Structure formats: C-alpha cells, structure tokens
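Student: Have a look at the structure that comes next, please.
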Ligand SMILES: [Zn+2]
C-alpha cells in the first residue's frame, strides 16, 4: 500500500514539474548593470547601480505577476558585484530567450550639455556609427577593468581602445533582427508610458551583448548627470514608469514571438517583396497572410534573394544605409523593414551574390520567396 502511495506521489510530483516546465516556455534574463563596489555612473543624490536594480526588480515583478508562462532570471537581485562575463554566462546557462540589460547614462564633466542632456536610448550589438555611441560602450565595458585579471578573461580586449571595437563589426549576430525589434518597442514605450525623449535604437560594441546567445538589448534609461532626469530616475514613480515601459514592450514582443512560433512555416507576417506595401495595409492583412502563404507553398516558382538589412524605418532607394548596393527591394516583417537584393532561380547564383554582399554586410543571408512572399 505504502509502495503504491509512493508511486502515486512520484507520479503527481513529476506531472506537476512537467506542467511547470511546459508553462514557463519563455525565459527572460534581466540584467541590472553594475553593483557592489561598482557604482556605475554617479549623480548628485544617487548612483546608477541602485537605479538599475530598482527598475530591474520592478520589471521582474510585473512579469511574474502578469505572465505565467515566462520565467524571470536575474543576473543580480541585490547590491553585489557581478563580472560582465558572468552575467552573459548566467543568461546562456538559463537558455534565455531575451536578455535585457538595464543601465543609466551619463556624460563626462567636460561636456557642456552635462546638466541638460536627456532621453532614453536602447542599444543592440553592432559597430558604433558615432563617437557618442562608442563613448557609451566604452564606459559600460570599462567595468571589466575592476575585475582581477580582466585581460585574460576578455582575451586581450581593451575597453578603452577604439581599435578593439572593430571586432564588433565582424561579429555575426543571428539575433540582430529580434534585438532591434524589441529595442524599437522599448523606445516607443519610453515615450508614451514614461514620457521620455526618444534618443533612438542605436548600435555599439557592448561586451555583455556580444556574449549572450539570444536577442539582447542594453537600455540607457536616462542621464543621471542631468538633475531633472536624476530626480525622475531616483523616484519610485519614475522607476515604476521605466519598468512599465519595458514591461509593455516585452508583452507585445512576446505576443509577436508566440504568434511566430505557432506558425508552421517561417516568421513572415507580410511578404510583399516590392517596396510598395504600407504599414496599415500590412496590419489589416495580417490574419489573411497565413492562408496566403500556405497556398503559396504549393504554387508558383521559388526565387532566392539576399537579405542584408533590417531597419525600423522604410528607407529611400538611394539611402546611404545600403552602402552603395543597387536594386534594393524590401518587405515588412515583425514590425521591421527587411531589405534584399537580387532575385535568382538558383541557390548557387544567390550564394555568389550573397558573398559579394557580405563584403559590405557581413551577416547577409539568403531567403526563399514564392509568389512575392518569404517562405524560408
Ligand atoms: Zn552602466
């Protein structure tokens, strides 16, 4: 009898843990920057490490309360030091689906705009396009110098040397599109929910983003060196607004993630290959798109195109973003504009084109299109 009871108990426990595992199908890793003896940027009244932690915990609580199927993992949940490399390792070990690093911005004392500069920016991994973006990455990466033997851990990477940052141009990042997608959602929420100035989605070489094998962003909430912004950053209501903004962005990103992963075929939402679609039309047609694509699978010829860029806005044909590429087409997917060149009936021809494009865009890849819609 006892044995039977034991078997029954084990069965119930296993079923419970299986259902828990199944329920938590998305892992979000929340990374509060700095901590312990690393204060981050310092303000008049407060410091970066406390603000980052405050917003991180508030965000985590919102997710835990409202989204049963999401597991929240913190890289730190208290005031202690964590190495940059360790943060990435925690995220990777947890098999994170999204990494959100939370930081507070500042400019140095010589900067004339020090007390007036304001706004929120969300960074994804990439090579900086401005000195300003490089300066932010340098400041955030330089915390690695607080670690013993940082040169060995980070393979000789020098956070203060501009030359070191060239590695980020060559780093392949298969999660770039999703990172930019989430970053764009954060930025628009920061305006509507937290009332911040939108300083845009930007790219720079952040070590912690480079080492996490998942979509990853680093949010610079506001400027602690601006007294008005500092007051907002330090206040409970300000931190709640930041947390709510990131939470709203996360919720909509997750909804879109679920929709995509529930599809049999790839993650296209709209598949117009010519640059003639518009956002409103795409949204109206969203429901129908699935059927269209399923039909498309059994009819029409396949063509191969080389996708080289994903961008939040629709760009002009001669945009400098294309780095001189001609004959660019685009389509909209997951809230982003995807840019392609070429249209080939053979994969080999597309590969030759892709190798040419990769000299300018190192992570260009081939997509398969049927009847004007992406199928792979
Ligand atoms: Zn920071």
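Student: Has the stretch 157-176 got any residue that is within 15 Å of the ligand (Cβ to nearest atom), at pLDDT below 95 and in contact with a helix residue (DSSP H, G or I) (Cβ under 9 Å, 6 or more places away or on another chain)? Full working, then the answer.
Tutor: In the first step, residues of the stretch 157-176 are kept if they are within 15 Å of the ligand (Cβ to nearest atom); the result is 159.
With the extra rule that they be at pLDDT below 95, the set shrinks to 159.
Narrowing the set further to residues that are in contact with a helix residue (DSSP H, G or I) (Cβ under 9 Å, 6 or more places away or on another chain) leaves 159.
There is at least one residue in the stretch 157-176 that is within 15 Å of the ligand (Cβ to nearest atom), at pLDDT below 95 and in contact with a helix residue (DSSP H, G or I) (Cβ under 9 Å, 6 or more places away or on another chain).
Student: I've got another one for you. Return yes when residue 193 is out of contact with any strand residue (DSSP E or B) (no Cβ under 8 Å at 6 or more places or on another chain), crowded, with 17+ Cβ neighbours inside 10 Å and free of Cβ contacts under 8 Å to residues at least 60 places away in the same chain and no when it is not. Step through it out loud before you land on a result.
Tutor: Working: out of contact with any strand residue (DSSP E or B) (no Cβ under 8 Å at 6 or more places or on another chain): yes; crowded, with 17+ Cβ neighbours inside 10 Å: yes; free of Cβ contacts under 8 Å to residues at least 60 places away in the same chain: yes.
Here the answer is yes, as residue 193 does meet what is asked.
Student: Another question, if that's okay. Quickly run through the stretch 144-153 and pick out the residues that are in contact (Cβ under 8 Å) with a residue 40 or more places away in the chain and within 14 Å of the ligand (Cβ to nearest atom).
Tutor: We begin by selecting, within the stretch 144-153, every residue in contact (Cβ under 8 Å) with a residue 40 or more places away in the chain; these are 144, 146-147, 153.
Correct list: 144, 146.
Student: Can you find a residue in the stretch 174-185 that is over 30 Å from residue 333 (Cα atoms) and not in a helix (DSSP H, G or I)? I'd like the intermediate steps shown before the answer.
Tutor: First pass over the stretch 174-185, keeping only residues over 30 Å from residue 333 (Cα atoms): none.
No, the stretch 174-185 has no match at all.
Student: Give me a count of the residues in the stretch 352-376 that are in contact with a helix residue (DSSP H, G or I) (Cβ under 8 Å, 6 or more places away or on another chain) and in a strand (DSSP E or B).
Tutor: Going through the stretch 352-376 one residue at a time, the tally reaches 4.
Student: Being more than 13 Å from the ligand (Cβ to nearest atom) and more than 19 Å from residue 217 (Cα to Cα) is the filter; apply it to the stretch 29-43 and report the residue that is farthest from the chain's Cα centre (by Cα).
Tutor: Of all residues in the stretch 29-43, those more than 13 Å from the ligand (Cβ to nearest atom) come to 29-30, 36-37.
Narrowing further to those that are more than 19 Å from residue 217 (Cα to Cα): 36-37.
Values: 36: 26, 37: 28 Å.
This residue is 37.
Student: If you check 338, 349, 316, which single one turns out to be touching a strand residue (DSSP E or B) at 6+ places or on another chain (Cβ under 9 Å) and not in a strand (DSSP E or B)? If you could, list the steps in order and put the result at the bottom.
Tutor: Numbers: 338 fails: not in a strand (DSSP E or B); 316 fails: touching a strand residue (DSSP E or B) at 6+ places or on another chain (Cβ under 9 Å).
Only one candidate qualifies: 349.
Student: Within the stretch 23-44, which residues are assigned to a strand (DSSP E or B) and farther than 23 Å from residue 215 by Cα? Spell out how you get there, then give the answer.
Tutor: Of the stretch 23-44, the ones assigned to a strand (DSSP E or B) are 26-32, 35, 38, 42.
35, 38, 42, listed by residue number.
Student: Residues to consider are 112, 82, 71, 58; find the one that is more than 15 Å from residue 239 (Cα to Cα) and out of contact with any strand residue (DSSP E or B) (no Cβ under 9 Å at 6 or more places or on another chain).
Tutor: Working: 82 fails: out of contact with any strand residue (DSSP E or B) (no Cβ under 9 Å at 6 or more places or on another chain); 71 fails: out of contact with any strand residue (DSSP E or B) (no Cβ under 9 Å at 6 or more places or on another chain); 58 fails: more than 15 Å from residue 239 (Cα to Cα).
Only one candidate passes the filter, namely 112.
Student: Something else now. Can you say whether residue 246 is under 13 Å from residue 183 (Cα atoms), touching a strand residue (DSSP E or B) at 6+ places or on another chain (Cβ under 6 Å), crowded, with 24+ Cβ neighbours inside 10 Å and in contact (Cβ under 8 Å) with a residue 40 or more places away in the chain, as far as the supplied structure shows?
Tutor: Answer is no for this residue.
The values are calculated or read from the model by the stated rules, or taken from the named source; none is laboratory data. Keep in mind that this is a model prediction, so the values were computed, not measured. Positions of Cβ are generated from backbone atoms using ideal geometry, with glycine treated the same way; all protein chains shown enter the neighbour counts.
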